[in-house]
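A short write-up of the structure that comes next.
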Amino acid sequence: MSDVAKPPLYLVDASLYVFRAWHSMPDEFRDADGRPANAVHGFARFLLDLLERERPRHIVIAFDEALDSCFRNALYPAYKANRPPAPEELKAQFLHCKALCIALGLTVLAHREYEADDLIGSALQLARALGHRGVIVSADKDLSQLLELGDEQWDFARGQRWDMAGVAARHGVEARQMVDYLALCGDSVDNIPGVPGIGAKTAAALLRHFGSLDALLARVDEVPFLRLRGAKQAAAKLREYREQALLCRQLATIALDAPLAEAMPPFLRAAADAAALLALCEALRFGPLTRRRLHQAAAG
């Protein structure tokens with residue numbers, strides 16, 4: 001079987017779409033108790049669009065619960081420290097989003113010490129052993145490091161999909177080099193500093209020449225002689241911040257052995273819970289169109 005012909009496992013970076021809905025949906029959406037429900041209404045629309053379009057048989061919905069308790073915080077306390085905590089009215093909506101996924105028969109993953117990226121990587125690793133390929137539904141560039149032959153990443157909101165070759169077109173490095181790329185140029189979204197003075201273009205050029213961060217650091221004396229703008233300064237920074245680069249690589253590396261509780265690969269979609277779905281429709285005050293779409297999605 002060719003890599004593209006393998007059955008797909010859809011791996012959804014749910015928190016990204018919950019936050020997007022929180023920022024884009026109007027405040028007028030309220031649940032039966034009068035509390036904000038805009039994020040869950042927006043997330044429900046996204047989820048229904050995905051289910052109606054793809055009709056996935058194998059799907060994982062990964063949520064971030066390790067906002068300040070991730071194992072990476074022990075390595076680097078400033079990890080993601082630039083992000084403000086989620087407001088209480090949004091935290092409650094995360095619970096509703098999880099409940100909605102469970103009621104639809106979808107596998108939900110969340111962990112206090114591992115991020116959604118780690119859960120996605122670990123689930124994909126297990127599913128690959130059973131002959132599946134991955135379709136990662138997320139715009140997060142960190143997740144591109146997981147792509148192998150036959151896999152895809154899908155920025156659902158922008159309608160953009162790319163494979164391993166597409167990573168090189170987007171970032172100038174191969175998928176397998178993404179971790180080293182982030183170790184060098186950093187990631188402001190996650191507060192990963194990288195090596196000061198080395199931006200995305202320089203990081204990509206260095207990795208194209210040396211192949212990996214390890215080779216670059218081992219051969220740093222060659223850097224000043226490259227036909228690269230600021231090569232001497234880059235070499236000096238690499239020597240000075242060698243340990244920081246290695247730490248940043250640790251922070252950017254997605255774990256492939258995160259515990260997935262009782263979730264069983266290949267994460268086959270289960271039957272919907274009609275009673276739970278009806279209760280959520282009432283509690284969240286979904287309109288008739290959303291209720292009809294949820295009913296149809298529940299029927300498979």
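Taken together, the values in this text are just the output of simple stated rules run on the coordinates, not laboratory data. Every value quoted in this text rests on a predicted model; they were computed, and no experiment measured them. In this analysis, Cβ positions are derived from the backbone assuming ideal geometry, glycine residues included, and neighbour counts consider all displayed protein chains.
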Item checked: Near-label residues of region 171-210 by backbone N, under 15 Å of a point 7 Å along Cα→Cβ of residue 236 -> 196-198
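Do any trypsin sites (Lys or Arg not before Pro) in region 38-144 lie in a DSSP loop with no more than 16 other beta carbon atoms within 10 Å, and if so, which? Don't skip to the end; give the middle numbers.
Numbers: sites: 45, 53, 57, 72, 80, 91, 98, 112, 128, 133, 141; in loops: 57, 80, 112.
Here the sparse-neighbourhood loop sites are 57, 112.
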Notebook entry, point to check: Could you give the distance between the Cα centres of region 28-53 and region 159-236, to the whole Å?
Noted result: 39
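Please state the shape class of region 175-252: rounded when a/c is under 1.5, otherwise prolate if a/b exceeds b/c and oblate if not, all from the C-alpha gyration tensor. Could the numbers behind the result be given before it?
Working: a/c = 1.58, a/b = 1.46, b/c = 1.09.
Note, shape of region 175-252 comes out prolate.
Can you give the longest stretch of the chain with no exposed loop site, where a site means GluC sites (Glu not before Pro) in a DSSP loop (not H, G, I, E or B) with at most 13 other C-beta atoms within 10 Å? Intermediate values should be presented prior to the final figure.
Numbers: sites that count: 28, 262.
It runs 29-261.
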Notebook entry, point to check: Which of (i) 20.4; (ii) 14.4; (iii) 16.4 is the computed mean projected area of the Cα convex hull in nm² for the structure on display?
Noted result: (iii)
Next item on the list: Go through region 194-211 residue by residue and turn each phi into a ³J(HN,Hα) via Karplus (6.51, -1.76, 1.60, θ = phi - 60°); whole Hz please, and just put x for glycine and proline.
Entry: x, 9, x, x, 9, x, 4, 5, 5, 4, 5, 5, 5, 6, 5, 7, 9, x
